[in-house]
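First the structure, in the form of structure tokens, and then the observations on it.
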Amino acid sequence: MMKKLATITTCMLLALSFAAQVHAVEGGNPKKGKHLYKKECKACHSKGDAAGELTPMSKTMSQWDRFFKRDMHKVKPDVFQNLSEKDRLDIQQFLYDHAADSDQPQTCG
Ligand code: HEC
């Protein structure tokens, strides 16, 4: 009886941690995304840079989705290729959450 209970508990914990992971990958983590965006994107996309200043408000939510799905930074593909899928998702989530037509548009610098 105790053993069975332990097995059930273990299974439930596994299921929970799995669910949490899936959620993070599906949704992207905007907090991490903000950090990554500053680290990975602002190097080239700050005010006065040749690549042009870029903020979440530079695009609408659907434009960001399209950019991350289709364009994938094709002017410089290595920028996106050097990021893990998870990191790209986090950045996408941050930009999407604060896009020009979002609830909380943000000109984050
Ligand atoms: C090594 C420099 C570099 C880095 C790092 C970089 N970019 Fe770029 N990016 C460019 C250049 C150059 C262009 C082309 C600018 C142009 O067309 O005048 C560009 C263009 C873009 C565009 C298109 C702009 C538009 O008007 O549609 C977007 C969006 C973009 N980058 C997003 C990102 C994101 C998001 C990151 C971080 C993951 C990033 N970039 C990191 C150099 C960079």
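Assorted remarks:
- Out of Phe68, Phe80, Phe94, sole residue that is surrounded by 16 or more Cβ atoms within 10 Å (Cβ to Cβ) and more than 9 Å from the ligand (Cβ to nearest atom): Phe94
- Flag if Met61 is of a type in the set (A, V, I, L, M, F, W, C) and over 15 Å from the mean Cα position of the chain (by Cα): no
- Any pair with Cβ under 6 angstrom, 6 or more apart, that starts in the stretch 57-78 at a residue that is under 15 Å from Ser102 (Cα atoms) and ends at one that is assigned to a helix (DSSP H, G or I) and within 8 Å of the ligand (Cβ to nearest atom): Trp64/Leu95
- Each residue in the stretch 39-65 was checked for being near the ligand (Cβ under 10 Å from one of its atoms) and hydroxyl-bearing (Ser, Thr, Tyr), and 1 pass.
We did not get these values from a lab; they are worked out from the coordinates using the rules stated. Just so you know, these numbers come straight off a predicted model, no measurement behind them. All Cβ positions, glycine included, derive from the backbone under ideal geometry; neighbour counts span all protein chains shown.
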